[in-house]
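Taken together, the values in this text are just the output of simple stated rules run on the coordinates, not laboratory data. None of the values given here were measured: they were computed from a predicted structure. Reconstructed Cβ throughout: ideal geometry from the backbone, glycine too, with neighbour counts over all protein chains shown.
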Amino acid sequence: MKILSVFGTRPEAVKMAPVVRALAQTKGIESRVCVTAQHRQMLDQVLDLFQIKPDYDLDLMRDDQSLAELSAAIFTDLDPILAGFKPDWVLVQGDTTTVAITALLAYYRRIRVGHVEAGLRTHDKWQPFPEEINRRVAGVAADLHFAPTEQARQNLLREGVIDATIALTGNPVIDALQFVAKQAEPETVKQLLDKLEIEKPMTKGPETRRLVLVTAHRRENFGKPLEDICLALKELAERGDVEIVYPVHLNPNVQEPVNRLLKHVEHVTLLPPLDYLPLVHLMKRATLILTDSGGIQEEAPAFGIPVLVLREVTERPEGVEAGTLKLVGTDTQRIVAEATRLLDQPSAYAEMAKAVNPFGDGHAAEKIVAALLNFK
Ligand code: UD1
């Protein structure tokens, strides 16, 4: 069985890494990897961490490129690889432009498609944009759907997907997280936490200084919503008893407003995008996480860290139901109020800070490989 895994961004690489490693260890499977490199630096960090050497690298990232330019380039450059390698299966993960275009292209070549992290939906085509439509496109083209949770499976069944083509596998993000969380805390993280005096007693009062970790980069938040998020961070920083650490995504639409509004603010540390290993370790040490990322909504519950989700809707209701995620949107005062409540009220904090893991048991990759081998 010949399998081509195609991915393009950092989060896809994190979640596909356990699958790629499992495929490589399976007899009877010839596994190759193609990266579109829709991200460059951010993707390469993850490839190094998981020691994945792509067989094909389309190197498609251009500065601030449009979705149309990227899509056209994937069609043009991936097609000859499908024609040459002739895989039996193409695997894609999640909901990026790489996923939607690759799934469609594989269909044009009459190659079977396996979709990892299938069935996530907000049922609002504009949120997240363009991911909600990207994952639906992948779902329409897919022959085998690897649903991470029962709710994701139910979403697919409601859309008429045949039950026998859905495998309930969990999300390989938990496999990746376990692999990385076991490794020692990197020196860079230790040094940063020491410098910021995290968990050190404060000179005034009995409290210790706490870490608030932030990531925000979603397209539907570009413009005013992202600016409102930054203003909330500025206000929270004025408390003086928290250190806000924000690794800033390389997209120019994120870099510009974040640097303009937060660069010289006391108690706010802006960092370049972090490698997955330090990010996971920072997450473990955070008191509170504010994010619009999808993956962090899956990872933080596993550590029992409360997450305020900077979005109006989520395709990960499992974490909200479990009580560790709370949707707060992007309104400045709402963010400040919700964060303040958690920081000031131990009972409110304790209610959210419970470790649950609705997204997988760390064995998703092997279940995905088994489902491929058993497909009839
Ligand atoms: C993409 C995905 C989004 C995912 C996110 C994770 C789409 C439409 N969006 O958004 O679903 O959540 O990745 O990060 O597929 N850049 C660099 N270096 C990098 C990466 C990006 O300079 O390593 C800059 C480039 O200017 C690039 C821009 O960021 O053009 C945007 O990257 P792109 O892949 O188009 O979208 P993201 O906003 O990263």
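Observations on the structure shown:
- Applying 1/(1 + (r/R0)^6) with r as the Cβ-Cβ distance of HIS264 and LYS53 and R0 = 41 angstrom yields a FRET efficiency of 0.50.
- Using just its DSSP H runs of length 4 or more, each adding -39500 (n - 2.57), the chain gives a mean residue ellipticity at 222 nm of -14000 deg cm²/dmol after division by all residues.
- Filter on LYS86/LYS125; LYS224/LYS263; LYS15/LYS354; LYS15/LYS367 - keep pairs with C-alpha separation over 22 Å: LYS86/LYS125; LYS15/LYS354
- Length available on full extension from GLU159 to LEU250: 0.36 nm per residue minus the Cα-Cα distance, which gives 29.2 nm.
- Loop trypsin sites (Lys or Arg not before Pro), segment 232-291, which have at most 14 other Cβ atoms in a 10 Å radius of their Cβ (DSSP): LYS263
- Sorted fewest first by neighbouring Cβ atoms within 10 angstrom, HIS264, HIS217, HIS115 come out as HIS264, HIS217, HIS115.
- Highest to lowest packing among 45-51, 175-181, scored as the average C-beta count within 10 Å: 175-181, 45-51
- Cα-projected label distance for SER347 with ALA184, points at 7 Å along beta-carbon direction, nm: 4.4
- For the chain, built as a Gaussian network whose Cα springs stay under 10 Å, the top-fluctuating residue of GLY240, GLY295, GLY114: GLY240
- Under 5 Å from the amide H of VAL248 lie the amide H atoms of LEU271, each residue being 5 or more positions distant or on a separate chain, with H modelled from the backbone and absent for Pro and chain starts.
- Ordered by the count of other Cβ atoms within 10 Å of each Cβ, fewest first, LYS326, LYS15 give LYS326, LYS15.
- Point-charge dipole on Cβ atoms (K/R +1, D/E -1) for the chain, about Cα centre, debye to 20: 580
- Of GLU315, GLU187, GLU30, the residue with the greatest mean-square motion in the GNM of the chain, using alpha carbon springs below 10 Å, is GLU187.
- Principal-axis tilt of helix 131-141 within the chain, Cα atoms, nearest 10 degrees: 20
- Distance (nanometres) between label positions extended 7 Å along Cα→Cβ at ALA24 and LEU168: 3.2
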